[in-house]
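The numbers here are math on the coordinates, done by the rules we state, and not lab data. Note that this is a predicted model, so its numbers are computed, not measured. For neighbour counting, all protein chains shown are included, and Cβ atoms are generated from backbone atoms with ideal geometry for every residue, glycine included.
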Amino acid sequence: MILNKFRPVSYSRKLKALSLQLLAFSLFSCNKTADINANKAYVGLTHVAYGFGPLNVTLGVDSLLSVPLSFGQTSGNPGNPYDTATAGIRDLALYENSVKLINGYAAFQQGVHYSLFAYDSLDHQSLSLIILPDNQGVSMSTDTITYFRYLNFSPGTSLGLLLTNAKGTITISASRFVGYAPQPANYLFNSIPIGNYGVYVFNDSANFTVSGPNIKPVDSLFLNSAVNYNIYLQGFYDSSSGTNQLKLKSFPLN
């Protein structure tokens, strides 16, 4: 679902309005007689908007975060990215300092966990927010298998992953920059054997090998059997240092 009931927000002289692109799979539904203390959803935010400083999210009058989130960070605590929010159709706003950047309505279903990613393509007018449910249509991990979702936040690219260890090699097909394909249905969970992996990024799906010219090593990856994962690329393929360095990042989901 694409929520497009929004109020444009002035950001600067160059920015007359920012488009809101809030995406989710399903509308909220609940029993109005439910105990309000049980009427909770669980929401985590990841900041991959290159052109912005620390960000915060409000749902109605409530701030999701106690401290604004810096670029490259995910909310919550290690092992648990979520903060608790009241379920329902909420008036959501994304802020940089006191400046409201995005404002619109989003539906959060009771008991469901959500990953929010704030991202852009180095253009302030491209700032967007994608909302993905984390526990819909996902099987439970086993002793040998877990599940992951892969997103590419490297602007202007189409990049895949090659995961290697002593047991073999796994290819994760190239995915376009999220801004080119912002529909949540593009980011489903897939199964993968647990373990430690060396990870390579490739930009040519038709011609790549570990030692080839169209592939480069990035961070290693450990996948546990107890949880599922968001895995995403941040940075630029041709950059090797600083905040623009291409990085593979991941965080576990409940």
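Data for the structure
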quantity: Computed E for N165/N214 - FRET, C-beta separation, R0 25 angstrom, nearest 0.05; calculated: 0.70
quantity: Amide H within-cut-off set for A41, under 5 Å, with H built and near neighbours excluded; calculated: A85, T86, A87, G111
quantity: Under 13 Å from the Cα of K216 - aspartates and glutamates, other chains or at least 8 residues apart; calculated: D204, D238
quantity: P(r) weight above 23 Å for the stretch 145-253, C-alpha pairs, percent; calculated: 23 percent
quantity: Interchain or long-range residues, amide H under 5 Å from N135's placed H; calculated: H113
quantity: Histogram of C-alpha separations across the stretch 100-188, 10 Å bin width, %; calculated: 13, 38, 33, 14, 2
quantity: Residue-by-residue Karplus 3J(HN,Hα) for the stretch 235-240, coefficients 6.51, -1.76, 1.60, Hz, glycine and proline x; calculated: x, 10, 4, 8, 9, 10
quantity: Set of aspartates and glutamates near K100 by C-alpha distance (under 16 Å), chain-local residues within fewer than 8 positions excluded; calculated: D62, D91, D120
